[in-house]
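The values are calculated or read from the model by the stated rules, or taken from the named source; none is laboratory data. All values reported here derive from a predicted model rather than from experimental measurement. Cβ sites come from the backbone with ideal geometry, for glycine too, and all protein chains shown count toward neighbours. Quick note on the areas: whole protein, heavy atoms, side chains included, nothing else; ligands and nucleic acids left out. Shrake-Rupley method; radii C 1.70, N 1.55, O 1.52, S 1.80 Å.
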Amino acid sequence: MKTKICATCQKQDTLMYRVQIDANKQWVFCCKSCTEQYQSIADYKYGGTWKGNRH
Ligand SMILES: [Zn+2]
């Protein structure tokens, strides 16, 4: 099972969300709890879900 590190809280998880969270339009991977926080900001954009247990 693969994991990724959350771009903002450094938590390691097998489920990550591909999101844009600032004006740089950079795609980063964030954990579920961070993604839920970013959903309210203007620059938030969702680009898919990454699941480590499918690889
Ligand atoms: Zn996080």
Given points 7 Å out from each Cα along the Cα-Cβ axis, report the ALA7 to SER40 separation in nanometres with one decimal. 2.1
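Taking 1 over the mean of 1/r across every pair of different Cα atoms in segment 4-54, what Kirkwood radius in Å do you get?
On the way: mean 1/r = 0.0930 Å⁻¹.
In segment 4-54 this quantity evaluates to 10.8 Å.
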With every protein chain left in place, what is the accessible area of ILE41 in Å² (1.4 Å probe, nearest 10)? 70
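At 222 nm, what helix-only mean residue ellipticity would the chain give, in deg cm²/dmol to the nearest 500, using -39500 (n - 2.57) for each DSSP H run of four or more? If you can, show how the numbers build up before the last one.
Values: 1 runs with 7 residues, N = 55.
Dividing the helical sum by the residues of the chain leaves -3000 deg cm²/dmol.
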Along the charge dipole of the chain, pointing to its positive end and built from +1/-1 on Cβ of Lys, Arg, Asp and Glu, which listed residue (TYR38, TRP50, MET1) has its Cα farthest out? MET1
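Figure the gain on full extension for TRP50 and ASP22 (residue separation times 0.36 nm, minus the Cα-Cα span) and round it to one decimal in nm. Could you put the intermediate results ahead of the total?
On the way: separation 28, 0.36 × 28 = 10.08 nm, distance 1.98 nm.
Additional length available on full extension: 8.1 nm.
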